[in-house]
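The values are calculated or read from the model by the stated rules, or taken from the named source; none is laboratory data. Just so you know, these numbers come straight off a predicted model, no measurement behind them. Reconstructed Cβ throughout: ideal geometry from the backbone, glycine too, with neighbour counts over all protein chains shown. We work out accessible area using only protein heavy atoms, side chains counted, and drop any ligands, DNA or RNA first. Shrake-Rupley method; radii C 1.70, N 1.55, O 1.52, S 1.80 Å.
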Amino acid sequence: MNAIYSRSHPNNAVITNSNNNGVYKSYAVASTVNLKSKRISLTRTKAVKKEMTGCRLMGVGSCTPKLVLHNRDMEKFVNTTDEWICSRTGIRERHIIGRGETLTQLSINAAQRALEMAGVSAKDVDMIIMATSTPDDTFGNACQVQYGVGASKAVAFDLSAACSGFVVALNTAVQFIRTGSAHRILVIGADAMSRIIDWRDRSTCVLFGDGAGAVLLSASDCPEAVATKAPNSNSTAPSSSDCALLGMFMASDGQGHKSLKAVYAGEHEKPLQPDDVASGHASYKNVQMAGQEVYKFAVRTVPAALETALKRAELNKSDVDWLVMHQANQRIMDAAAARLNLAPTRVVSNLARYGNTSAASIPLALDEAVRDGRIQHGDVLAMVGFGAGLTWASAIVKWGKF
């Protein structure tokens, strides 16, 4: 329980108690201080229940590079085969960023498509959160995206949580809307993993691709987020104050960092080094991954993360309509679906055509499923990401208006 003291009257306080659903009770407390008698009296007034603002996921968009690299193409420069890659991962091809393309532009395109679907102007966006581990600029991409889409009043910043990044960014964005700090937020997941891949290492180069995806979150009282109720309807659908984020879970384990990393390759004391090292280019090593360890980590943590988020949402496995998870390996997705008792047809998968696009993978898959009509307004989605850090995060959300 937190006590927040008023500046205008130091003897008054408001005590706030919050729960996981974003509903809090505020108690106005009047205090009297008698310095001579050293007595303090407190009077509690009637409790006032106030609900935090909910949010809706109103638009989604994605964009991938033009160049498509098929497994058969990879046979020409690395010791592998199409059958070997597909049988172990489920991947057949991936998109690779090429000359004249930037992660910034892919993200701008994805964001514009999300805004268009939502029917929202970029000028009405309050915040942009961009999840990426491979920005065009070490200082981040979010501000360039903000300028590119024309979101002139939005604060923009980058968030790095590897393949968990989109879910972490989504969960973070919801908190800003719930507290009223923002009304419309663009959440972007984008990565160009091809930049940090050793194309001679078949244990990693066959896995990754490049792309960007974006989702627009709107406060539940924004015009575009309010569901139209049919005349004479007796519907018991949630009110506008209810939130699309029904339950969430996030976790990290730095002890597992050694299993998946891309570390700095320069000198730690660069300015003090001789032989012009101080003027050399900074760089990062290619991705190093202990595949078996990462696979075991994912199989262990993904089902538990989903079950924890469902418990916090007070939902059962049978309430989930779609599994939209990080596209890393088809076997991991199949295992997660089995744990949720979901039929394979209820798993959104485009892994075969895009590979592992890191933070972009979930919004890329979501965009396809929404645009082809599989995912409908009000559907319950189970999202989960996992990756370097090690990090993992889940979210149970409702799509669109409801």
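Summary of computed values
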item: Residue in segment 70-78 that is part of a helix (DSSP H, G or I), without any contact (Cβ under 8 Å) to a residue 60 or more places away in the chain and within 25 Å of the chain's Cα centre (by Cα) present; result: no
item: Unique residue being surrounded by 22 or more Cβ atoms within 10 Å (Cβ to Cβ) and under 21 Å from residue 256 (Cα atoms) when the list is 328, 304; result: 328
item: Hits in segment 365-384 - residues which are in contact with a Phe, Trp or Tyr (Cβ under 6 Å, 6 or more places away or on another chain) and open to solvent by less than 10 Å² (accessible area, probe 1.4 Å); result: 375, 381
item: Failed item in (1) at pLDDT 85 or above; (2) assigned to a loop (DSSP other than H, G, I, E, B); (3) open to solvent by 90 Å² or more (accessible area, probe 1.4 Å), with residue 292 passing the rest; result: (2)
item: Qualifying position, being within 17 Å of the chain's Cα centre (by Cα) and open to solvent by 10 Å² or more (accessible area, probe 1.4 Å), among 175, 105; result: 175
item: Residues of segment 105-125 satisfying the condition of being free of Cβ contacts under 8 Å to residues at least 40 places away in the same chain and part of a helix (DSSP H, G or I); result: 122, 123
item: Filter result for the condition that a residue is surrounded by 11 or more Cβ atoms within 10 Å (Cβ to Cβ), modelled with pLDDT of 50 or more and not in a helix (DSSP H, G or I), over 99, 94; result: 94
item: Residue in segment 372-387 that is farther than 19 Å from residue 320 by Cβ, over 12 Å from the mean Cα position of the chain (by Cα) and small (Gly, Ala, Ser) present; result: yes
item: From 53, 43, residue being over 24 Å from residue 364 (Cβ atoms), modelled with pLDDT under 95, assigned to a loop (DSSP other than H, G, I, E, B) and open to solvent by 30 Å² or more (accessible area, probe 1.4 Å); result: 53
